[in-house]
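Following: one structure in structure tokens, then a few remarks.
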Amino acid sequence: MNSDVYFETQIGFALDQLLPIFPIALILFILFKFSDVTQYISEILKISSNKFLLGFGFLSCVLVSDSIFGYFKVSHLRQIIDEKKYQVVVGCVKHYNSETSPTNYRTETFLIKNTKFQFSNYTQSLYFTGDDHTDNFINEGQCMEVSYVRDGQKNHIFKIVPLTSR
């Protein structure tokens with residue numbers, strides 16, 4: 001990451017998202033191949049072997065699905081960046097607003113040249129979130145270059161370069 005960059009999404013290999021599938025497959029293989037292991041675990045949990053296998057199978061499907069969707073998200077973002085199919089806006093922050101909910105989640109909004117950005121520390125994301133903004137860098141009048149991906153009505157920030165010293 002360039003030292004002049006305030007924030008930049010770190011995109012690893014998309015295939016990293018698929019790594020959880022391998023241990024899950026190994027565990028499923030062991031559970032179905034060696035019924036003694038399944039029986040032992042079922043006795044500890046005090047449930048039938050069928051219920052244990054059904055429950056673990058369902059949990060495995062959820063985890064594998066999450067891994068596959070994560071893979072597609074990362075590979076899609078990498079493709080957008082590699083093909084330069086994103087927008088860049090350069091200017092100074094206007095109408096900065098920060099609101100904290102009763103549950104302590106902070107939502108921040110601001111405009112740069114009529115392009116609205118909103119982020120929160122409520123959800124984890126590949127993009128810029130409130131968890132990435134803990135030093136109050138973004139404030140009224142801060143000039144910067146923002147690279148972002150438009151998704152419907154939302155603009156997802158993946159890079160911020162300050163134009164003035166912090």
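Enumerate the pairs (first residue in segment 91-116 and assigned to a loop (DSSP other than H, G, I, E, B); second residue anywhere and aromatic (Phe, Trp, Tyr)) with beta-carbon separation below 6 Å, excluding pairs fewer than 6 apart on the same chain, so at least 6 apart or on different chains.
Within 6 Å, the pairs are Val93/Phe110; Tyr105/Tyr122.
Please verify whether segment 130-140 includes one or more residues that are of a type outside the set (Phe, Trp, Tyr), in a strand (DSSP E or B), farther than 15 Å from Thr9 by Cβ and in contact (Cβ under 8 Å) with a residue 40 or more places away in the chain.
Within segment 130-140, none of the residues are of a type outside the set (Phe, Trp, Tyr), in a strand (DSSP E or B), farther than 15 Å from Thr9 by Cβ and in contact (Cβ under 8 Å) with a residue 40 or more places away in the chain.
Quick test of your reading of the structure: Ser147 fulfils all but one of (1) part of a strand (DSSP E or B); (2) surrounded by fewer than 12 Cβ atoms within 10 Å (Cβ to Cβ); (3) of a type in the set (Ser, Thr, Tyr). Name the failing condition by number.
(2)
For segment 127-163, give me each residue that is among the polar types (S, T, N, Q) and either closer than 28 Å to Gln79 by Cβ or touching an Asp or Glu at 6+ places or on another chain (Cβ under 7 Å) (or both).
Thr129, Ser147, Gln153, Asn155
With Val74, Val5, Val64 as the choices, which residue is outside the structural domain of Ile138 (by TED's automatic domain parsing), closer than 23 Å to Tyr127 by Cα, assigned to a loop (DSSP other than H, G, I, E, B) and of a type in the set (A, V, I, L, M, F, W, C)?
Testing whether each residue is outside the structural domain of Ile138 (by TED's automatic domain parsing), closer than 23 Å to Tyr127 by Cα, assigned to a loop (DSSP other than H, G, I, E, B) and of a type in the set (A, V, I, L, M, F, W, C) leaves just Val5.
All but one of (1) small (Gly, Ala, Ser); (2) outside any helix (DSSP H, G or I); (3) closer than 24 Å to Phe117 by Cα hold for Gly12, so report the exception by its number.
The single condition Gly12 does not satisfy is (3).
The values are calculated or read from the model by the stated rules, or taken from the named source; none is laboratory data. Small disclaimer: the values here were computed from a predicted structure and weren't measured. Here Cβ is always computed from backbone atoms with ideal geometry, including for glycine, and neighbour counts include all displayed protein chains.
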